[in-house]
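First the structure, in the form of structure tokens, and then the observations on it.
The values are calculated or read from the model by the stated rules, or taken from the named source; none is laboratory data. Remember, predicted model here, so these are calculated numbers, not experimental data. Positions of Cβ are generated from backbone atoms using ideal geometry, with glycine treated the same way; all protein chains shown enter the neighbour counts.
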Amino acid sequence: MSDIETLKAELKKLSARATKAKMDLHDLSEDLPVNWQSITEVAARAQAAYAELTEKREALKVLEEQVEH
């Protein structure tokens, strides 16, 4: 499997994880004030998931540009 294909597979998993983190944050917000103590933890997970997803998307973009040239 090429580096691009490997990165695309990883992106698919990261995207699913980020979506789950987003939904967890959404669900938490709907249930407030119940579980308000977990806001920071849930938000940090969502932030980390999206940061990693953004980083990997940029890496894929760079790899694809290298292949084009």
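Computed values, structure above
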| quantity | calculated |
| --- | --- |
| First in the stretch 2-27 and surrounded by 17 or more Cβ atoms within 10 Å (Cβ to Cβ), second anywhere and among the acidic types (Asp, Glu), Cβ under 6 Å, 6 or more apart | Leu14/Glu52 |
| Answer residue from the stretch 2-48, given it is polar (S, T, N, Q) and outside any helix (DSSP H, G or I) and is modelled with the highest pLDDT among those | Asn35 |
